[in-house]
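Notes follow once the structure below has been shown.
The values are calculated or read from the model by the stated rules, or taken from the named source; none is laboratory data. These numbers come from a predicted model, not from an experiment. Here the Cβ positions follow ideal geometry from the backbone for every residue, glycine too, while neighbour counts run over all protein chains shown.
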Amino acid sequence: MSKISNIDMSPVEIAQEVLDGFKEIPTATVYNGLRNFGSSFCVCEGIQNLTPFVPGKERFAARARTLKFMPFRPDIASENTGDVNSPEYRAMGRCGPGDVLVADIGGRVQDVVAGDVKLLQLAMNNADGAVIDGAIRDLDVLLDENYGLTIYAKARSFHGNPSSLPAEENVQIQCGGALVRPGDIMVGDNDGVLVVPSWLAEKVLDWAVEHEGAENLVKEKIKEEKAIPGKYYPPTQETIEEWRRKNSE
């Protein structure tokens, strides 16, 4: 029987303490946790961190607020007025502390989600950043003027949007080949970024905390004994139980 067959898959709002928990765990361990629950199609392929982390805070976790671009066509263009009611401004308006704008531009690196002027809205809202399946421009301005945003994207560019336009917000999208639904958690570090479904987040976090603890225990044993890693790695259920006992004392 699937490990998620009896889990309620209704979207839930993620508390800040859960986000903070994910910031303590490498994405590799979170990925293994997702695989453990049968959710392996979670990696935003080809999307990398373009902003330096503050020392001691090398990981990212935030709730997804989504924006979808569509290929240019006159009817789409006529519906996008470009004013305050444009989809990108509505999407960024949903972002506050603990939130990240996730934009689907179909991976087109000649198109950008926004530059320093539009992204000022995210900075003023104290949002956590943006994850872009496409390109970002004016990145140096964001850094020089201390916008405080973490930016994941496929590329940097000076282009505008010659072949796509913002069309919808607060809808399910794809990002680097992974499904992202509003309220999911985007978890990242310098290895990349992945998606944790909101309804699975607490279970994945619990699993990841235990397995990261067990791996650290394994490293301690290897160092103490100067042992070949294969003696203790990968961690067994016995190692996990040992870690649990040590952390319950």
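Scan region 61-78 and give yes if some residue there is at pLDDT below 95, surrounded by 13 or more Cβ atoms within 10 Å (Cβ to Cβ), in a loop (DSSP other than H, G, I, E, B) and in the same structural domain as Ala167 (by TED's automatic domain parsing), otherwise no. Yes; the residues of region 61-78 include at least one that is at pLDDT below 95, surrounded by 13 or more Cβ atoms within 10 Å (Cβ to Cβ), in a loop (DSSP other than H, G, I, E, B) and in the same structural domain as Ala167 (by TED's automatic domain parsing).
Quick test of your reading of the structure: Asn146 fulfils all but one of (1) under 22 Å from Arg94 (Cα atoms); (2) polar (S, T, N, Q); (3) touching a residue at least 12 places away in the same chain (Cβ under 8 Å). Name the failing condition by number. Unmet condition: (3).
The residue that is surrounded by the most Cβ atoms within 10 Å (Cβ to Cβ), counting only those in region 100-139 that are in contact with a helix residue (DSSP H, G or I) (Cβ under 9 Å, 6 or more places away or on another chain) and of a type in the set (D, E, K, R), is Asp128.
Which of the residues that make up region 9-43 are closer than 22 Å to Glu212 by Cα and assigned to a loop (DSSP other than H, G, I, E, B)? The answer is Ile14, Ala15, Lys23, Glu24, Ile25, Pro26, Phe37, Gly38, Ser39, Ser40, Phe41, Cys42. Scoring Asp140 on the criteria (1) under 27 Å from Asp189 (Cβ atoms); (2) under 21 Å from the mean Cα position of the chain (by Cα) leaves a single failure, condition (2).
Only one residue in Glu17, Glu58, Glu45 is surrounded by fewer than 12 Cβ atoms within 10 Å (Cβ to Cβ) and among the charged types (D, E, K, R), so which one is that?
Values: Glu58 fails: surrounded by fewer than 12 Cβ atoms within 10 Å (Cβ to Cβ); Glu45 fails: surrounded by fewer than 12 Cβ atoms within 10 Å (Cβ to Cβ).
From the options Glu17, Glu58, Glu45, the qualifying one is Glu17.
Scanning region 177-197 for residues that are farther than 17 Å from Phe22 by Cα and either assigned to a strand (DSSP E or B) or outside the structural domain of Gly21 (by TED's automatic domain parsing) (or both) turns up Ala178, Leu179, Val180.
With the structure loaded, tell me whether Arg35 is without any contact (Cβ under 8 Å) to a residue 24 or more places away in the chain, more than 25 Å from Leu165 (Cβ to Cβ), exposed (fewer than 15 other Cβ atoms within 10 Å of the Cβ) and of a type in the set (Lys, Arg) or whether it fails that test.
Working: without any contact (Cβ under 8 Å) to a residue 24 or more places away in the chain: yes; more than 25 Å from Leu165 (Cβ to Cβ): yes; exposed (fewer than 15 other Cβ atoms within 10 Å of the Cβ): yes; of a type in the set (Lys, Arg): yes.
Yes.
Of all residues in region 35-50, those that are at pLDDT 95 or above and either in the same structural domain as Pro234 (by TED's automatic domain parsing) or in contact with a Leu (Cβ under 7 Å, 6 or more places away or on another chain) (or both) total 4.
Residues in region 69-87 that are among the polar types (S, T, N, Q) and free of Cβ contacts under 8 Å to residues at least 40 places away in the same chain: Ser78, Thr81, Asn85. Look at region 88-112: where a residue is more than 13 Å from Ile136 (Cβ to Cβ) and in contact (Cβ under 8 Å) with a residue 40 or more places away in the chain and a partner is surrounded by fewer than 18 Cβ atoms within 10 Å (Cβ to Cβ) and basic (Lys, Arg), sitting 6+ places away or on another chain with Cβ atoms under 8 Å, you get Glu88/Lys118.
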